[in-house]
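The values are calculated or read from the model by the stated rules, or taken from the named source; none is laboratory data. None of these values were measured; they are calculated from a predicted model. Every residue, glycine as well, gets a Cβ built from its backbone with ideal geometry; the counts of neighbours run over all protein chains shown. The area values use the complete protein model at the heavy-atom level, side chains included, leaving out ligands, DNA and RNA. Shrake-Rupley method; radii C 1.70, N 1.55, O 1.52, S 1.80 Å.
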Amino acid sequence: MKKKVLFIDRDGTMIKEPADEQIDAFDKLIFYPKVFTYLGKIAKELDFELAMITNQDGLGTDIYPEDTFWPVHNFIMKSFENESVVFSDVFIDKTFPHENADTRKPKTGLLTKYFSEEYDLENSFVIGDRLTDIELAKNLGAKGIFINDNTNLGTDEISVKRSELDAFIGLESSDWEQIYEYLKLKNRTAEL
């Protein structure tokens with residue numbers, strides 16, 4: 001049986017994104033409401049492999065040194081692991097938008113392993129708070145779950161308009177309980 005995947009963004013999806021868009025200190029870290037409860041239920045109850053994919057603009061440069069990133073990131077990952085949310089892969093793109101790298105969301109350069117017979121991308125989802133996450137879903141041949149709390153609508157550098165992505169949005173919500181219920185419903189199968 002092919003594996004279904006949830007490709008989950010980090011900032012603005014699992015954790016709140018600060019105004020400067022860098023989680024480089026513990027005092028900036030706020031977990032998204034209900035994320036532990038319902039991402040935990042998704043991990044335990046539903047048949048999805050979990051993969052995190054995040055753009056971290058300029059990680060490793062003077063403006064975003066790695067020594068401020070890794071302690072907070074590792075704490076985030078350990079916090080989810082303690083709630084039985086374990087990611088099979090974590091993909092971090094460090095490039096800037098102007099570099100136009102094939103590894104940067106919404107491009108799929110970091111995710112080439114999923115374009116195989118082993119994975120069911122058609123029944124997989126990208127969960128994220130930006131339209132670039134929905135564009136990634138389109139590029140993967142998956143569906144998107146758009147966490148829209150109206151904070152990141154104008155900040156994407158995106159090659160398509162929202163109207164061109166609507167067909168790829170399976171759910172638009174900022175509530176992890178609704179995300180869980182939607183995926184649970186989608187996960188049901190019937191046999192005759």
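Just wondering, is there one or more residues in the range 1-14 that are over 21 Å from Ser174 (Cβ atoms) and in contact with a helix residue (DSSP H, G or I) (Cβ under 6 Å, 6 or more places away or on another chain)? Don't jump to the end; show me each part of the working.
Here is the first cut: in the range 1-14, the ones over 21 Å from Ser174 (Cβ atoms) are 1-5.
Those left that are additionally in contact with a helix residue (DSSP H, G or I) (Cβ under 6 Å, 6 or more places away or on another chain): 4.
Checking the range 1-14: at least one residue is over 21 Å from Ser174 (Cβ atoms) and in contact with a helix residue (DSSP H, G or I) (Cβ under 6 Å, 6 or more places away or on another chain).
Just the residues that are of a type outside the set (S, T, N, Q) and in contact with a strand residue (DSSP E or B) (Cβ under 6 Å, 6 or more places away or on another chain), please, taken from the range 119-141.
Tyr119, Asp120, Phe125, Val126, Ile127, Asp133, Ile134, Leu136, Ala137
Can you name the condition, by its number, that Thr95 falls short on among (1) open to solvent by 40 Å² or more (accessible area, probe 1.4 Å); (2) among the polar types (S, T, N, Q); (3) under 27 Å from Phe26 (Cβ atoms); (4) touching a residue at least 24 places away in the same chain (Cβ under 8 Å)?
Thr95 satisfies all of (1) open to solvent by 40 Å² or more (accessible area, probe 1.4 Å); (2) among the polar types (S, T, N, Q); (3) under 27 Å from Phe26 (Cβ atoms); (4) touching a residue at least 24 places away in the same chain (Cβ under 8 Å) except (1).
Out of Ser88, Ser84, Ser79, I need the residue that is on the phi > 0 side of the Ramachandran plot, of a type in the set (Ser, Thr, Tyr) and open to solvent by less than 70 Å² (accessible area, probe 1.4 Å). Which one? Full working, then the answer.
Numbers: Ser88 fails: on the phi > 0 side of the Ramachandran plot; Ser79 fails: on the phi > 0 side of the Ramachandran plot.
Only one candidate qualifies: Ser84.
Being part of a helix (DSSP H, G or I) and more than 20 Å from Leu46 (Cα to Cα) is the requirement here; does Lys105 meet it?
Spelling it out, it is not the case that Lys105 is part of a helix (DSSP H, G or I) and more than 20 Å from Leu46 (Cα to Cα).
Scan the range 110-127 and give yes if some residue there is open to solvent by less than 40 Å² (accessible area, probe 1.4 Å), within 16 Å of the chain's Cα centre (by Cα) and modelled with pLDDT under 95, otherwise no.
No - not one qualifying residue is present in the range 110-127.
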